[in-house]
Amino acid sequence: MLYRSTRVQENMVRASEAIIRGIASDGGLYVPEQFPKIDKSFDELSKMSYQEIAFYVLKKYFDDFSDEELKDCIYKAYDDKFETPEIAPLSYNAGVYFLELYHGKTLAFKDMALSILPHLLKTAAKKLNINKEIVILTATSGDTGKAALEGFADVEGTKIIVFYPKDGVSEIQKKQMTTQEGNNTFVVGIEGNFDDAQTGVKEIFNDSEFNKLLNEKGYLFSSANSINIGRLVPQIVYYVYTYAVLWGEKKIKNGESINIAVPTGNFGNILAAFYAKLMGVPIGKLICASNENKVLADFINTGIYDRRRDFFVTNSPSMDILISSNLERFLYEISGRDNKLITMLMEQLSKEGWYEINEEMKKKLECLYADFATEDETLSAVKKVQEDSHYLIDTHTAVAYEVYEKYKKSTGDETVTVIASTASPFKFAGSMNKALNFSDNTVSDFDIIDDMSKKYDIQIPKSIQSLKNKEIRHKVTCKKDEMKELIKKFLMM
Ligand SMILES: *Cc1c(COP(=O)(O)O)cnc(C)c1O
């Protein structure tokens with residue numbers, strides 16, 4: 001299996017190299033040369049554990065890893081760090097399945113891929129005889145940062161630098177990151193939003209002079225963002241797994257398709273579902289749910305991507321994004337892999353802030369349905385599901401639930417649907433309280449968590465029980481044009 005860039009055609013590399021590099025040198029994203037097909041029956045797959053399905057899927061994409069290397073990565077990642085043995089349990093409530101992707105250490109779906117990425121990276125570096133120290137550079141809207149820090153802290157031969165929007169994350173998210181231990185971790189709040197952080201990181205990746213300097217000093221950059229194929233492929237696993245579980249439990253009939261609804265920001269999670277569909281998992285509609293930063297919903301409904309609009313800080317902050325990186329990989333597929341066209345569109349986006357796709361591509365948007373949820377609708381959805389089923393969903397998942405309801409109303413489609421449940425309600429306790437009004441505490445999310453646990457009789461996840469009194473270790477903030485200088489300082493260059 002080879003990987004090519006979405007922009008320049010010649011750039012073909014093996015999986016290990018694509019994982020190490022993170023992003024292609026032409027600024028494009030690595031995509032598999034062709035999509036491997038599911039060649040086991042779902043009867044067979046339904047008898048396999050999460051880890052076994054992970055091996056089955058990952059082996060197809062990372063075929064330059066030996067069986068032993070891959071299994072080692074998988075069993076180190078998906079172990080009792082996860083609070084449920086199924087890793088990603090399915091729960092049926094209010095007429096729909098919730099695929100709970102938040103039982104890892106940092107309470108968001110980012111753990112599904114970021115608990116394995118450090119192992120993949122380390123193995124890839126060994127295979128390629130890289131003796132440089134790998135510097136993981138990551139922009140986060142709140143969840144990736146902590147999950148990456150957790151994965152890379154004290155991993156030999158690596159350093160990790162995380163940039164998060166200083167005023168754009170929840171209290172819990174901020175505390176999770178700023179208390180991070182590990183001698184190789186650096187966390188910076190930037191005066192700007194996620195897009196500023198992500199654009200800054202991408203520019204640094206593509207700054208050839210800076211990269212040369214780094215190389216001379218013995219460093220090599222890589223990324224823990226979903227632009228890294230080593231992060232995207234592990235996300236395909238849970239969609240294959242979900243279909244296998246539904247099959248095994250006879251919730252779906254022979255060959256019947258399911259719909260998947262995903263609360264979307266950077267388009268990584270929903271792209272993984274699209275890749276699963278291309279591999280042959282019977283998936284019908286992909287329901288793309290936006291919050292009030294609805295640039296994606298508008299794009300899917302009009303074919304025009306236009307980021308020139310106001311940016312809102314919402315109750316689903318991990319989706320507060322106006323430049324969805326992974327959309328580039330989707331456009332690449334629906335354009336018939338037209339790298340010149342993709343290069344042009346991406347250049348126009350970066351220079352002018354918008355682009356429009358051609359009619360042929362617009363037709364291919366049909367596999368998606370998209371809409372958005374307002375702030376009020378999001379909070380009402382949390383409340384509705386709680387009252388209906390005594391089941392708590394976080395505000396990101398609620399965005400997807402609301403858009404799924406809109407989909408059902410407008411199409412009448414009753415297909416079995418799975419909603420990607422992307423965060424634990426405890427992680428966004430302040431917003432949960434706005435929806436459900438169970439606590440008089442208004443000062444700190446940490447007090448709200450206690451009230452939430454008592455009121456709904458659910459246990460506070462271990463990883464945040466101890467967070468409240470942890471020492472803050474990272475206090476650095478910077479302006480968006482100071483990122484490079486800070487990196488130099490951290491690396492003592
Ligand atoms: C990152 C994140 C999202 C958005 O996922 P993308 O892959 O960026 O589309 C949604 N919900 C939560 C809780 C997240 O952390």
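The values are calculated or read from the model by the stated rules, or taken from the named source; none is laboratory data. Being a predicted model, the structure only gives us computed values, none of them experimental. When we count neighbours, we look across all protein chains shown, and the Cβ atoms used for this are built from the backbone with ideal geometry, even at glycine. Surface areas here come from the heavy atoms of the whole protein model, side chains and all, with no ligands, DNA or RNA. Shrake-Rupley method; radii C 1.70, N 1.55, O 1.52, S 1.80 Å.
A few notes on this one:
- Leading residue by the ranking (farthest from the chain's Cα centre (by Cα)) among those in the range 431-447 that are at pLDDT below 95 and not hydroxyl-bearing (Ser, Thr, Tyr): Asp440
- Looking only at residues in the range 69-100 that are crowded, with 24+ Cβ neighbours inside 10 Å and part of a loop (DSSP other than H, G, I, E, B), the one that is farthest from the chain's Cα centre (by Cα) is Ile87.
- Each residue in the range 332-347 was checked for being free of Cβ contacts under 8 Å to residues at least 60 places away in the same chain, open to solvent by 20 Å² or more (accessible area, probe 1.4 Å), in contact with a helix residue (DSSP H, G or I) (Cβ under 7 Å, 6 or more places away or on another chain) and assigned to a helix (DSSP H, G or I), and 0 pass.
- Of the residues making up the range 104-140, just one is part of a loop (DSSP other than H, G, I, E, B), basic (Lys, Arg) and under 16 Å from the mean Cα position of the chain (by Cα), namely Lys105.
- Qualifying residues in the range 151-175 (those that are surrounded by 24 or more Cβ atoms within 10 Å (Cβ to Cβ) and part of a helix (DSSP H, G or I)) - the one farthest from the chain's Cα centre (by Cα): Ile172
- Filter pass, Leu368 being open to solvent by 10 Å² or more (accessible area, probe 1.4 Å) and among the hydrophobic types (A, V, I, L, M, F, W, C): yes
- Candidate set: the range 33-55, residues that are without any contact (Cβ under 8 Å) to a residue 60 or more places away in the chain and closer than 29 Å to Leu128 by Cα; chosen: the one surrounded by the most Cβ atoms within 10 Å (Cβ to Cβ): Phe55
- Checking each residue in the range 459-484 for being part of a helix (DSSP H, G or I) and over 18 Å from Asn184 (Cα atoms) picks out Lys462, Ser463, Ile464, Gln465, Lys480, Asp481, Glu482.
- Residue within the range 4-20 that is open to solvent by 20 Å² or more (accessible area, probe 1.4 Å), part of a helix (DSSP H, G or I) and over 30 Å from Lys212 (Cα atoms) present: no
- Considering the range 184-204, the residues that are within 20 Å of Leu120 (Cβ to Cβ) and in contact with a Leu (Cβ under 7 Å, 6 or more places away or on another chain) include one that is farthest from the ligand (Cβ to nearest atom), namely Thr185.
- Those residues of the range 381-393 which are within 22 Å of Ile87 (Cα to Cα) and within 16 Å of the ligand (Cβ to nearest atom), in sequence order: Leu392, Ile393
- Scanning the range 214-247 for residues that are modelled with pLDDT of 95 or more, of a type in the set (A, V, I, L, M, F, W, C) and more than 16 Å from the ligand (Cβ to nearest atom) returns Val240, Ala244, Val245, Leu246, Trp247.
- For first residues located in the range 432-443 and free of Cβ contacts under 8 Å to residues at least 12 places away in the same chain, partners that are not in a loop (DSSP other than H, G, I, E, B) and lie 6+ apart or on another chain with Cβ distances below 7 Å form the pairs Asn441/Asp447; Asn441/Ile448; Asn441/Asp451.
- Residue count for the range 183-234, restricted to those that are of a type in the set (D, E, K, R) and open to solvent by less than 30 Å² (accessible area, probe 1.4 Å): 2.
- For the range 394-433, a residue qualifies if it is open to solvent by less than 10 Å² (accessible area, probe 1.4 Å), more than 11 Å from the ligand (Cβ to nearest atom) and of a type in the set (A, V, I, L, M), and the qualifying residues are Val403, Val418, Ile419, Ala429, Met432.
- Of everything listed in (1) in contact with a Leu (Cβ under 8 Å, 6 or more places away or on another chain); (2) part of a helix (DSSP H, G or I), the single unmet condition for Ile23 is (2).
- Qualifying residue in the range 446-466 (condition: surrounded by fewer than 16 Cβ atoms within 10 Å (Cβ to Cβ), of a type outside the set (D, E, K, R) and over 30 Å from Ile260 (Cα atoms)): yes
- Filter result (surrounded by 14 or more Cβ atoms within 10 Å (Cβ to Cβ) and either near the ligand (Cβ under 6 Å from one of its atoms) or of a type in the set (Gly, Ala, Ser) (or both)) within the range 248-269: Gly248, Ser257, Ala261, Pro263, Thr264, Gly265, Asn266, Phe267, Gly268, Asn269
- Search result, residues across the range 273-287 that are touching a helix residue (DSSP H, G or I) at 6+ places or on another chain (Cβ under 9 Å), in contact (Cβ under 8 Å) with a residue 40 or more places away in the chain and not in a strand (DSSP E or B): Ala273, Phe274, Tyr275, Ala276, Lys277, Leu278, Met279, Val281
Yes/no matrix, rows are residues, columns are (1) surrounded by 21 or more Cβ atoms within 10 Å (Cβ to Cβ); (2) in a helix (DSSP H, G or I):
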| position | (1), (2) |
| --- | --- |
| Leu271 | yes, yes |
| Ala289 | yes, no |
| Ala297 | yes, yes |
| Ile300 | yes, yes |
| Asp310 | no, no |
| Asn315 | yes, no |
| Ser318 | yes, yes |
| Ser324 | yes, no |
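- Of the residues in the range 120-130, not one is surrounded by 24 or more Cβ atoms within 10 Å (Cβ to Cβ), within 16 Å of the ligand (Cβ to nearest atom), at pLDDT 95 or above and closer than 26 Å to Gly218 by Cβ.
- Listed by first and then second residue, the pairs linking a residue in the range 142-163 that is among the aromatic types (Phe, Trp, Tyr) to a residue that is assigned to a helix (DSSP H, G or I), with Cβ atoms under 7 Å apart and 6 or more places separating them unless they lie on different chains, are Phe152/Pro118; Phe163/Ala197; Phe163/Gly200; Phe163/Val201; Phe163/Met483.
- Met1 more than 25 Å from Ile419 (Cβ to Cβ), of a type outside the set (Ser, Thr, Tyr) and open to solvent by less than 50 Å² (accessible area, probe 1.4 Å): yes
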